[in-house]
Amino acid sequence: PPMTWDYPNPFTRAAVPSAEDIDGLNHTNNAVYVQWCERIGWAHSESLGLSLHDYQRLDRAMAIRRGEYDYLLPTQLGEALTLATWLTASDGKLTMERRFQLVRDRDQATILRGRWELVCIEIGSGRARRMPAEFCQVYLPVLAGKLSIS
C-alpha cells in the first residue's frame, strides 16, 4: 500500500536501525530519531539549493528554537523505515516550521511525528535576524499544507 503522509509531497529518506542504534530496551534509541531528523532536514535544504556553505556565506541560519517529538511505536534492528520531512509554515520574516513523520514500511504505521520551530539567526552573533531573500525564495514556495481528510 502507498504511504499515508500527514502532508503532501514529502521529502523522504530510507532509514534502517543498525546495531549501534539499539538501546537497552532492545529498540531504536530515541536520540537516533533526533539525529535522523537533523540529517534529513539538511538533506532537504540542500536538495532545495541551500547548504551549510550557503548559510555561512550569508551569515544566516535557520536554527532550532524548539523541537518536539512524539514517539508513537518502537522499532527494532533492521526494520525498513521511511522518514519524511516538510517545511509547513513561515511568517516570511524570522520563523519557519519543519515537520517530520517516520513510517514503518511493512505496515505503514507511523512511528514518530516531530516538529521544529526554527528561527533565522545571524551566525556570527547568534541573534535573531530577518531571513535573507535567498531563504525566502527557496523555502517559502515549498511550504506544505495539511492534507484534508475526507
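The values are calculated or read from the model by the stated rules, or taken from the named source; none is laboratory data. Please read these numbers as outputs of a predicted model, since none were measured by experiment. Cβ placement follows ideal geometry from the backbone for every residue including glycine, while neighbour counts extend to all protein chains displayed. The area values use the complete protein model at the heavy-atom level, side chains included, leaving out ligands, DNA and RNA. Shrake-Rupley method; radii C 1.70, N 1.55, O 1.52, S 1.80 Å.
Below are the figures for this structure:
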read-out: Where the chain is the region considered: accessible area per residue in Å², 1.4 Å probe; value: 54
read-out: Sulfur and carbon atoms: percent of accessible area, the stretch 17-150 [1.4 Å]; value: 50
read-out: Separation between Cα centres of the stretch 1-70 and the stretch 77-112, rounded to whole Å; value: 8
read-out: Within the chain, helix-based [θ] at 222 nm, where runs of 4 or more DSSP H residues each add -39,500 (n - 2.57), nearest 500; value: -6500 deg cm²/dmol
read-out: Acute angle (nearest 10 degrees) that the helix 30-48 long axis makes with the longest principal axis of the chain, alpha-carbon atoms; value: 50
read-out: Three-way shape label, the chain, alpha-carbon gyration tensor, a/c 1.5; value: prolate
read-out: Peptides ranked, highest mean first, by Cβ atoms within 10 Å: ranges 96-109, 20-33, 71-84; value: 96-109, 71-84, 20-33
read-out: Fraction of the pair-distance distribution of the stretch 1-74 above 19 Å, Cα-Cα pairs, percent; value: 51
read-out: Amide H partners (placed H, <5 Å) of T75, local residues excluded; value: T28
